[in-house]
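All remarks here apply to the structure that follows.
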Amino acid sequence: MKNQHLEASIQSEVLAFIASRKSLQISSITEEGGPYASYAPFAIGDNCLYVLLSEIAMHAVNLQNNPAASVLIIEDEDSANELFARKRVNYSMRVDCAEFQSSEWQTGIDSLAERHGERVLKLSELADFKLFKLTPQTGRYVKGFGRAYSLSGASLAGELVDHLRDGHKKRSVA
């Protein structure tokens, strides 16, 4: 019972933390196979995140060519109590590009506009903007030293939450 309570508590914390942030950092894979990091404002969907990106942007090109990404949502360093242990959640994501004017497109655009305002509606009218749906495959939630949790399954909160207990170890001095 205690583990189920802890799991539900962590899942709620993860969702509340994500809801408190407005942008994410995203790492995509270039055509040459290298990493490329960027950021984007996001909206929360049903166990997914939505981002609206111009195909002029390198990360949009990368996501269209390779539908995998790593996403980091992190506490602002200015408000963090501990710079070395900022609260964060990261995911390995499957990426899908929504078809223009499909129900998925409308859902994502509506979610983004509700969260970020009229600018989203104006951008969505431009032909070079693509809507990407990011669905988690695995994740990790860190809320401080010794308080890290793996998130398994295609859910933002994790279908299964596991406290990672094999953490920091003191160096042995010879």
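The numbers here are math on the coordinates, done by the rules we state, and not lab data. All values reported here derive from a predicted model rather than from experimental measurement. For neighbour counting, all protein chains shown are included, and Cβ atoms are generated from backbone atoms with ideal geometry for every residue, glycine included.
Of the residues making up the stretch 129-149, those that are part of a strand (DSSP E or B) and more than 23 Å from Ser28 (Cβ to Cβ) are Ala148, Tyr149. One residue alone among Leu131, Leu156 is crowded, with 17+ Cβ neighbours inside 10 Å and in contact with a Gly (Cβ under 6 Å, 6 or more places away or on another chain), and that residue is Leu131.
Assessment of the stretch 81-90 against the conditions (out of contact with any helix residue (DSSP H, G or I) (no Cβ under 7 Å at 6 or more places or on another chain), closer than 18 Å to Asp46 by Cβ and surrounded by fewer than 16 Cβ atoms within 10 Å (Cβ to Cβ)) yields no matching residue.
Taking the stretch 103-128 as the range and being farther than 12 Å from Gly45 by Cα, among the aliphatic types (A, V, I, L, M) and either buried (at least 18 other Cβ atoms within 10 Å of the Cβ) or in contact (Cβ under 8 Å) with a residue 40 or more places away in the chain (or both) as the test, the residues that pass are Ala113, Val120, Leu123, Leu126. Across the stretch 66-122, the qualifying residues are those that are in a helix (DSSP H, G or I) and charged (D, E, K, R), and the one among them that is nearest to Gly146 (Cα to Cα) is Arg115.
If the condition is being aromatic (Phe, Trp, Tyr), outside any helix (DSSP H, G or I) and either closer than 11 Å to Ile73 by Cβ or in contact (Cβ under 8 Å) with a residue 40 or more places away in the chain (or both), then the stretch 4-52 contributes Tyr39, Phe42, Tyr50.
Scanning the stretch 64-80 for residues that are more than 25 Å from Glu159 (Cα to Cα) and in contact (Cβ under 8 Å) with a residue 40 or more places away in the chain yields a single hit, Gln64.
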